[in-house]
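Shown next, in structure tokens, is the structure this report addresses.
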Amino acid sequence: MRLDFYYDIVCPYAYLASTQIEALAKRCGADLYWHPVLLGGIFRSIGGSQIPMQQMSPPRARFNILDLQRWADIWDCKLNFPDEHPRRTVAAMRLLVATPHDKRPALTRRLYRAYWEEGLDVADRSILDPIAKEFGLEPSVIDSETARETLFATTAEAVEHGAFGVPAMVVDGRLFWGQDRLQFVEEVLGGTWPGLPAPGHVTSGQTVRFFHDFSSPFSYLASTQVERMAADNGATVD
């Protein structure tokens, strides 16, 4: 089967998903296609905020950052938010769409490392152009009309699939969003999700305080699992 992966270097969720998507495709025997898009272009197309986190309440924004770091820890990824995040990635994404498909995964990994591990500004051509040359690419392709139009086209394609952000994964016309939906992607591809690594240390005898409301479907779903989860780890639920 075919697995289409839509991403932008600026998105931490897409970065985290990128560290797992190749192994997932290999386990399932799927053909993986990398599609660079402009996250800002997706937001404009759907009338969304250019910086969604700024629209969140402070507690939710703080939790989002903590949750991202938890996922990074689970998958042993470095995740360092640049002080100026979100930085512009238009030039980097144009370089990616102009890159041959066989080189695109490696260049994607290099650009993610530059942004999320090294804190480099990939909008700075003194940084981006040498990276292009590392992969035998002519930096001038970034400024070409072909790269510009192709990036617009891949972004529009993601929106047509129903994408409202990245990472967006499409399998047989079905859209999945988020690094925490990779389990569903693997299942629809016929594979078996290996699950998350077990925590290194579990302290028994703890209490889980469970706050809930009957009107919340998320609360309902959690209520079906919280007692089992607690019991498996020697905890009680309040």
- prompt: At each listed q (0.11, 0.17, 0.21 Å⁻¹), what is the log10 of I(q)/I(0) that the Debye formula gives for region 89-162 modelled as equal alpha-carbon point scatterers?
  reply: -0.26, -0.62, -0.91
- prompt: Helix 145-160: angle to the longest alpha-carbon principal axis of the chain, degrees 0 to 90, nearest 10?
  reply: 30 degrees
query: What percentages, rounded to whole numbers, describe P(r) for the chain computed over all alpha carbon pairs with 5 Å bin width beginning at zero?
result: 1, 6, 12, 15, 18, 17, 13, 8, 5, 3, 2, 1, 0
- prompt: Against the longest principal axis of the chain, how steep is helix 125-134, in degrees 0 to 90 to the nearest 10, with axes from Cα atoms?
  reply: 90 degrees
task: Select from PRO59, ALA98, PRO86 the residue farthest towards the positive end of the dipole of region 46-134; place +1 on Cβ of Lys and Arg, -1 on Cβ of Asp and Glu, and compute about the Cα centre.
output: ALA98
- request: Whenever you get a sec, compute what percent of the accessible area on the chain sits on carbon and sulfur atoms (1.4 Å probe).
  value: 52 percent
message: If packing is taken as the average count of other Cβ atoms within 10 Å, what order do 60-67, 42-49 fall into, highest mean first?
response: 42-49, 60-67
message: Give the lysines reachable from LYS26 as a straight Cα distance under 24 Å; neighbours fewer than 8 places away on the same chain don't count.
response: LYS78, LYS103
query: Can you give the angle from 0 to 90° between the axis of helix 58-74 and the longest principal axis of the chain, with both taken from C-alpha atoms, to the nearest 10?
result: 80 degrees
query: Pick from ASP213, ASP129, ASP102: which residue has the top mean-square fluctuation in a GNM of the chain where Cα pairs under 10 Å get a spring?
result: ASP213
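The values are calculated or read from the model by the stated rules, or taken from the named source; none is laboratory data. Since the model is a prediction, treat every value here as computed from it, not as a measurement. Because the Cβ atoms are built from the backbone with ideal geometry, glycine has one as well, and the counts that use them run over all protein chains shown. Surface areas here come from the heavy atoms of the whole protein model, side chains and all, with no ligands, DNA or RNA. Shrake-Rupley method; radii C 1.70, N 1.55, O 1.52, S 1.80 Å.
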